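Step one of this worksheet: look at the structure below.
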Amino acid sequence: MKTFLVPVDFSSITGRVIDSAMDFARAFQGKVELLHIVQAPVIASAEYALPADVIQEAVTVSKNASEGKLVAYSALFQQAGIDCTSKTLIGAPVPLIREESAKSGADFILMG
């Protein structure tokens, strides 16, 4: 069984990425791990910078919203009989995608 890591950003291409992941998972009888990364903004210390608690609240709201979207996408895979999990992380996308790929033992990374 192959494992497909599928990072999504909820842009206009996400639907096509999900469709491709379903096709690959069916073809290889694989499982899918959906991943969304909320990028935490760099906190600058200046008079005009947003307070840290406002930034943290925005990150939390984004994380909660992304988890809801991932649940909906996961349901599509499960309805198709494909094993699917989802995860939302906070930080820099490239290193987190690489780390998650290693942790999950992903055979492929599918992204738009």
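Nothing in this text is a laboratory measurement; each read-out follows from the coordinates by a stated rule. The shown structure was predicted, so the numbers you read here are calculated from the model rather than taken from an experiment. Methodologically, a virtual Cβ is constructed for each residue, glycine included, from the backbone with ideal geometry; neighbour enumeration extends over all protein chains shown.
Things worth noting here:
- For VAL59, neighbours were defined as the other residues whose beta-carbon sits under 14 Å from its Cβ, and their charges (Lys and Arg +1, Asp and Glu -1) total -2.
- Rounded to 0.05, the FRET efficiency of the ALA40 and SER11 pair, given R0 = 25 Å and the Cβ-Cβ distance, is 0.85.
- Placing unit charges on the Cβ atoms only, positive for Lys and Arg and negative for Asp and Glu, gives the chain a dipole magnitude near 360 debye about its Cα centre.
- Charge context of LEU70, other residues only, Cβ under 11 angstrom, K/R +1, D/E -1: +1
- For GLU57 and ARG98, the difference between the fully extended length at 0.36 nm per residue and the C-alpha to C-alpha distance is 12.1 nm.
- 3J(HN,Hα) along region 23-30, derived from phi through the Karplus expression 6.51 cos²θ - 1.76 cosθ + 1.60 where θ = phi - 60°, amounts to 4, 5, 4, 5, 4, 9, 6, x Hz, with x in place of Gly and Pro.
- Only beta bridges with both residues in the chain are counted; by DSSP, about 0 percent of them are antiparallel.
- Lysine pairs within the chain, Cα separation less than 20 Å, 8 or more sequence positions apart or different chains: 9
- Label-point separation in nm, SER20 to ILE90, each point 7 Å along Cα→Cβ: 3.0 nm
- Percentage of interatomic Cα-Cα distances in the chain larger than 17 Å: 56 percent
- Proximal charge balance of GLY15 [Cβ under 15 Å; K/R count +1, D/E count -1]: -1
- Farthest positive-ward along the chain dipole, Cα basis, beta-carbon charges - from ALA80, SER66, PRO7: ALA80
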